[in-house]
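See below for the structure under consideration.
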Amino acid sequence: MFSIAFSMLNGNIKIEVFPNPAIRVFEEYLDFFQNLVYNSLQIIFSKELHMGITDKEKQFYETNGYLLKKGLVSAEDISRIVVDVDDIHNRMAENPTQGIGISWEVYEDDPDHPPLIKQLMHSELVSPTLNKLLRSDTVLDVLEAMMGPDISLYHSKLLPKAGGDGTAIPWHQDYAYWKNDNNKPVMINCQLAISEANLENGCIQFVPGSHNWGLQEHERKQQTFGVFLPGHYQEREDAVAVEMEAGDGVFFNALIIHGSAPNESEKDRLMNTFAYNVTGNGTSQSREVLRGKEFNS
Ligand SMILES: O=C(O)CCC(=O)C(=O)O
């Protein structure tokens, strides 16, 4: 019924399950069968096995340009991140960590407004837990199934959208920021929900399939989130809101159109996006090789 391939990866046993063509007629049950095999093997080996994504998930990703993975990160790790970033706005205003880049929400009419972070670049430097997770097999196995074995970290950024105060992220394709003469749009993001995210507090929204539309013309302004599609942020009927619980992660393509509404609710929305590149895709577009070949090898 299935072929099973075992390999060793960074000390972990990696198992891939390939359904035989004969059972492809039961296409809709494939995920169920594959998960059953993984779960059984997990019990037999008494070890957490990393499974990347199922065929059905891969197909969903290729068709839509994004893939939600529920429960990607444990509740314990989410609690650790919450401790790592506790009081992050005030801490970073008083004594920013070296090597990070922060852009702040601007309150021109209210200079006494407490400082609120719009985006914090290189968040792995303020959170050891984010630093651990961005290189974890749980995340890299999903990426490997999507982008191949040579994976580098492009960057990691914290996107806090404070309750009542967090601004919209206008519609854009990330490749509009990242394109240069010698790279291709093969980068992939993984956005991790550190808090609950829903339509009310400005969760991420995608236009499914738009990763197949090519790079669109963007407007450009010298400001954070300053590269955007005409219209900036307005509700779109063709967009899908991806609501998440803390610990869920959504992977998305460098060309998919995405954005999010302002946070007009009482609840903070705290997300972190890890961005990954295929090693060697463009010069100086990788912070660190995480898996596979080294630079220039
Ligand atoms: O967090 C959001 O709502 C959008 C994030 C985003 O645009 C990005 O990570 O590229």
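Among the numbered criteria (1) closer than 19 Å to Val85 by Cβ; (2) within 10 Å of the ligand (Cβ to nearest atom); (3) among the hydroxyl-bearing types (Ser, Thr, Tyr), which single criterion is violated by Ser195?
(2)
Going through the range 194-237 one residue at a time, which ones are under 19 Å from Asn272 (Cα atoms) and among the charged types (D, E, K, R)?
Listed by number, the residues that qualify are Glu196, Glu200.
Filter the range 272-287 down to the residues that are within 18 Å of Gln191 (Cβ to Cβ) and under 16 Å from the mean Cα position of the chain (by Cα), then identify the one that is farthest from the ligand (Cβ to nearest atom).
Checked the range 272-287; the qualifying residue farthest from the ligand (Cβ to nearest atom) is Asn277.
Taking the criterion of being modelled with pLDDT of 95 or more, away from the ligand (no atom under 14 Å from the Cβ) and under 19 Å from the mean Cα position of the chain (by Cα), would at least one residue in the range 250-271 satisfy it?
no
Are any residues in the range 208-222 assigned to a loop (DSSP other than H, G, I, E, B) and in contact (Cβ under 8 Å) with a residue 60 or more places away in the chain, and if so, which ones?
Of everything in the range 208-222, those that are assigned to a loop (DSSP other than H, G, I, E, B) and in contact (Cβ under 8 Å) with a residue 60 or more places away in the chain turn out to be Pro208, Gly209.
Please verify whether Ile169 is surrounded by fewer than 21 Cβ atoms within 10 Å (Cβ to Cβ) and hydrophobic (A, V, I, L, M, F, W, C), treating the condition exactly as stated.
Against the criterion (surrounded by fewer than 21 Cβ atoms within 10 Å (Cβ to Cβ) and hydrophobic (A, V, I, L, M, F, W, C)), Ile169 does not qualify.
Using the structure shown, decide if Cys203 is within 10 Å of the ligand (Cβ to nearest atom) and over 20 Å from Tyr233 (Cβ atoms).
So Cys203 does not fit the description; no.
Has the range 140-150 got any residue that is surrounded by fewer than 20 Cβ atoms within 10 Å (Cβ to Cβ) and touching a Leu at 6+ places or on another chain (Cβ under 7 Å)?
no
The values are calculated or read from the model by the stated rules, or taken from the named source; none is laboratory data. As the structure is a prediction and not an experimental result, all values here were calculated from the model. As a convention, Cβ positions derive from the backbone with ideal geometry for all residues, glycine included, and neighbour counts pool all protein chains shown.
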